[in-house]
Structures are given as structure tokens and as C-alpha cells.
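Asks: The structure follows.
The values are calculated or read from the model by the stated rules, or taken from the named source; none is laboratory data. This one's a predicted model, so the numbers in the text were calculated from it and none came from an experiment. Cβ placement follows ideal geometry from the backbone for every residue including glycine, while neighbour counts extend to all protein chains displayed. For the accessible areas, the whole protein counts, side chains as well, though only heavy atoms, and no ligand, DNA or RNA atoms are used. Shrake-Rupley method; radii C 1.70, N 1.55, O 1.52, S 1.80 Å.
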Amino acid sequence: MKPYASRIAPLLLSAAMALATPVLAQQSAPTPPAMAISAEIEATAAALRDRALQGNIAFKFIEGVTTEVGPRLGGTPAEKKAAEWSVAQLKALGFQDVRIEEFQIDGWVRGAESASVTAPFPQAITITSLGGSVATPKGGLEAEVALFKTYDDFLRAPADCCKGKIVLVTQRTVKAQDGAGYSATVRNRSSGPAEAAKRGAVAYMLRSLGTHSHRFPHTGAIRYEAGVPRVPSAAVSPPDVEQIERMAARGQPVRIKFDIQPRLAGPSTSYTVVGDIKGTDKADEYVIISAHLDSWDLATGALDDAAGMGITAAAGKLILDLPQKPRRTIRIIFFGTEETALQGAYAYAKAHPDLLPKVFAGSESDFGAGPVYQFLTRFNPAVLPAFAPLRRVLAHVNVGPGPNTALGGPDMTPFREAGVPVFTLQQDGRDYFDYHHTPDDTLDKIDPKNLDQNVAAWAATTWVLANMDGELRPIPDPAAPRRLQ
Ligand SMILES: [Zn+2]
């Protein structure tokens, strides 16, 4: 509702002024919005869009990093290799000042993991450690399971619900085009371990947050709380959760034994990759297009987030191939260690406080490789009518207008919190959580045609933002809560 209200208000105001004092109204009227994006900018954006649809380097880039590097967990040698690979690629594509920026994180590395039901019907189950979890005692941990159908049921359970038990929350994650289902259940994973420990549990498990029905567990980060015991935590694959539910329905206590041996690796170096397309008369202003370099270790991270790297690199390459240069500097960033608490983005923002006020707009592609269907912004509401030319360009690739409530992607969080205008080219994520954070996030899940459409939208939008007149600040509600990834 907010954007429409904000857009109507100035119109009503200027209409009232026109009636009362027509001359004054003319003098004080803002620059006509259509002037901010000239016909020439619109034409170039449309040409970039059409070129993207004829083929681009996005799929090749994704195929390259997933094949030649593979999984690239933040703070590991594999992430370093991904950074070096990306530097070589971006340099070859023609980006300038391509570099790696290092930062320190608390490392975590998965170890051996196994689990089984020991009673009433002994059999193996498929689990995986949640990111950041401590290990079980060597040889494993066995306890009775306390089952909860929803996370709220668990939170509302009596204080003595879980003492000495393994909590297992069996809530499903539902499919949604914009990922709302995952947003609703992600706290089950991030906060569950600490809540279980507060209730005396010895471990925490949950139904994998994936929306699939395959025997793949879905990893992801957890957040322990200071002063609360750290209990070992794992995700169980959806079919295995349903198997445990059937056992429990037969009335006898279910017992699980599991052994996970992840290692808290201590201070580790992580890597963010940066490259520029230098601007001309506004070179000291920046348009950031970004993705994240790291992936979970279970798969090659094709959708999360090699896809974002390929889409943004390809959009940049199309702009590099133009005869003219952008007015603003376009900065491509592949953030390290996004998957645990956006550490790369926060480290980058902290290391470059002078840059933040100079960022004209920014975004991250981090929602897989489905087609873009909506252009969301978080700009000064007064400038929104000026974006009609870009909306026309995007409409040709089936991207419609969205509300002024963009989050800009996870790694834009510290930027947005600092008042940087952000935008989101919202992808159809209906199938994203079938693969995201599972061993099944692999290249074969990507349709190159959808990538072309993404690159078309990114190239056109980036070009417009890098060349238009005006200022997109101040943005509404910079501290809007982010959706966890
Ligand atoms: Zn991601």
C-alpha cells in the first residue's frame, strides 16, 4: 500500500497547487519525471536486453565455476579457489581493477555424519549437520525424540517438554513464488537449537526446510545464543521425517542415535571478489551488481549462487561490449561467506564506509535461475514515476512493476541499512527451495533460456541506473527486516 499512497500524495498536492496558484506551481514543480531517463538511455537499455536474449556468457560462467571449482564453503581453500577463478574470468571479460578482498570469519567444516532410528523400528535415516553446529560426542548421541508438528507448538510446550530429549520439529515448508514459505520456516532452523537447549534438550533436529519430497537433507546456518548450551543440530530429509512420524503414530517412543563430527575451524580467511566498469562524468558514483561467491558444501551451488555470479557477470560483459561507457562506475561484487550471517557483505561495508554514500543503487542476484517477473525498488517514492521508460523496456521480457519494498538481496542488507537505494529483479522461486542448500543444487537444474531473460533484465536495469539523471535517496524504511536466506 505504501508506495501507491506515497505516489498519489504528491500528485494531489501539485493538483491543489495548480488550482490555487498556477504560476507558482509551474515554477516549483519537480523536473518532469520522464526526463530522468532519456530516450537514448532507454534505447540502449532495450538494445542490451535484445542482445542478452540472443545469447550471453551466463551459462558458461556458471558451468565453469561449478565444474572447475565445485562446492566452495566460506572460509575454506575451495572458496579461495573460487575467488581466484572469478578474478581470472572477470579480468578476461574486461572488468577493471579486479581484486580479492580478504576478511576473517569463524570457520566451520562439516565432518562425518550418520543417523538411525534405534527404536521402535531400527533403520538408518538421512540427515545433515546444520551450519555452525557443534559435534556430538564421538560415537554418537542417543535419546528419545520429542516431536512437534510446528515450531510454535514447540515454543508453547511446557517447560519440561524436552529434558534429555532430541527435539524434532516436523513442520513443512510450503512452495511460494517469492519464497515466502521458506521465510516463514527459516527461524525453525536458525533459532531452534538455542530454544531446544533452553528447554533442556540434548540435540535439535528439524524437517529439512526444502520444499521437495526427496531424500535430501537441507543444510543452512544456525545461531547459538550466548550463555545457552550449544546442542548438536541437524536437518532430516522430508521422507525420513514422515517415516519417524508414522512410527510415533504407533504409540511407542521413538529413539534416534546420530553422530555428526563437524569442526569449528576457528579464525579463517574468506574472500570477496570485486571488479569495476569505470564510469565517465559520474565515475565517483557506483551502481553495484552482486552475487555471492560461497556455497554450501553439499553441492556445487549452481542455483545458490553461481547463477547470480553468471547473471551479473554476463550483464556486465554486455555493457563492456558497448561502444560507449556508462556515466557511473558499475561495480560487480561476489561476496564471500554469505551463507553464514552475511559476513562478507558486512565486512565489505565496514571496510569501505566512504563508498556507501556514493552508491547510487545496488542489488544482488541470489534466488536461483528462474525467470524474473517483477522489478521492485526501494527508492525515494517521488522518483518512481521517472522509471516509466525502464518499465517499458522490462515489460518486453515479462517483468512487471513491483512495490517500493525491495530488500535488494541478502548481501545488500548492510548497504540498505546505510540508506543505499536498492532494487530487486524478483525471480520466480517456486522450485528454488526444492534444491537450495541440498546435495541436489547442481547445474542440470538451470534452464539457459531463463538465464538469458535474467541477463536481459539485469543489463537493461544496470544501464539505466548507471546513466540516468537524478538521485534515488532518501529511501523509505532502510532498516526493514531482511528475509533470511
Ligand atoms: Zn544464496
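Asks: For the stretch 97-110, just list the computed ³J(HN,Hα) in residue order, Karplus coefficients 6.51, -1.76 and 1.60, θ = phi - 60°, integers in Hz, with x standing in for Gly and Pro.
Replies: 6, 6, 8, 10, 10, 8, 8, 9, 10, 8, x, 8, 10, 5
Asks: With a ≥ b ≥ c the root eigenvalues of the C-alpha gyration tensor of the stretch 303-392, is it rounded (a/c under 1.5), prolate (a/b larger than b/c) or oblate?
Replies: rounded
Asks: Give the long-range amide H neighbours of residue 210: residues separated by 5 or more places, or on another chain, with amide H under 5 Å away, using H modelled in the peptide plane at 1.01 Å from N.
Replies: When sequence neighbours closer than 5 places are left aside, the close amide H contacts are 218.
Asks: Let me check against my output: what whole-number percent is the relative contact order of the stretch 235-311, with C-alpha pairs under 8 Å and at least 6 apart?
Replies: Over the stretch 235-311, the number comes to 18 percent.
Asks: Please say if the stretch 157-258 is rounded, prolate or oblate, where rounded means a/c under 1.5 for a ≥ b ≥ c the square roots of the C-alpha gyration tensor eigenvalues, and otherwise the choice is prolate for a/b larger than b/c and oblate otherwise?
Replies: Cα axes put the stretch 157-258 in the oblate bin.
Asks: Based solely on its DSSP helices, what 222 nm [θ] is calculated for the chain when runs of n ≥ 4 H residues each add -39,500 (n - 2.57) and the sum is averaged over all residues, nearest 500 deg cm²/dmol?
Replies: About -10000 deg cm²/dmol.
Asks: Also: Which whole-number value in Å² is the accessible area per residue of the chain, probe 1.4 Å?
Replies: 39
Asks: I would also like to ask the following. Gain in length, residue 480 to residue 269, computed as 0.36 nm per residue apart minus the alpha-carbon separation, to one decimal in nm?
Replies: 73.0 nm
Asks: Please list, in chain and number order, the residues 5+ apart from residue 422 or on another chain whose amide H is under 5 Å from its amide H, with Hs placed from the backbone.
Replies: Answer set, sorted by chain and number: 362, 378.
Asks: If you fit an axis through the alpha-carbon atoms of helix 448-467 and take the longest principal axis of the Cα set of the chain, what angle between them do you get, 0 to 90°, nearest 10?
Replies: Computed tilt is about 50 degrees.
Asks: Counting only protein heavy atoms, what percent of the accessible surface of the chain is carbon or sulfur at a 1.4 Å probe?
Replies: Carbon and sulfur together cover 56 percent of it.
Asks: Name the shape class, rounded, prolate or oblate, that the alpha-carbon gyration tensor gives for the stretch 84-241, where a ≥ b ≥ c are the square roots of its eigenvalues, rounded holds for a/c under 1.5, and otherwise prolate holds if a/b is larger than b/c and oblate otherwise.
Replies: Prolate, because a/c is 1.5 or more and a/b exceeds b/c.
Asks: Could you sort 199, 215, 189, 250 by their accessible area in this structure, using a 1.4 Å probe and putting the largest first?
Replies: Heavy-atom accessible area, descending, gives 250, 215, 199, 189.
Asks: How many nm separate the modelled label positions at residue 187 and residue 226, each set 7 Å beyond the Cα in the direction of the Cβ?
Replies: For residue 187 paired with residue 226, the spin-label model returns 2.2 nm.
Asks: Give me the Å³ per residue figure for the convex hull around the C-alpha atoms of the chain.
Replies: Hull volume over Cα atoms, normalised by residue count, gives 151 Å³.
Asks: Quick check for you: which residues of the stretch 209-235 have the amide N under 18 Å from the point 7 Å beyond the Cα of residue 198 toward its beta carbon?
Replies: 222-233
Asks: With a Förster radius of 30 Å, plug the Cβ-Cβ distance of residue 53 and residue 112 into 1/(1 + (r/R0)^6) and report the FRET value to the nearest 0.05.
Replies: That gives a FRET efficiency of 0.05.
Asks: Report relative contact order for the chain in percent, whole number only (criteria: Cα-Cα under 8 Å, sequence separation at least 6).
Replies: That works out to 23 percent.
Asks: How far is helix 180-190 tilted off the main Cα axis of the chain, in degrees rounded to 10, range 0 to 90?
Replies: Taking Cα atoms only, the helix is inclined about 50 degrees.
Asks: Rounded to the nearest 10 Å², what accessible area does residue 198 show when all protein chains are kept and the probe is 1.4 Å?
Replies: 100
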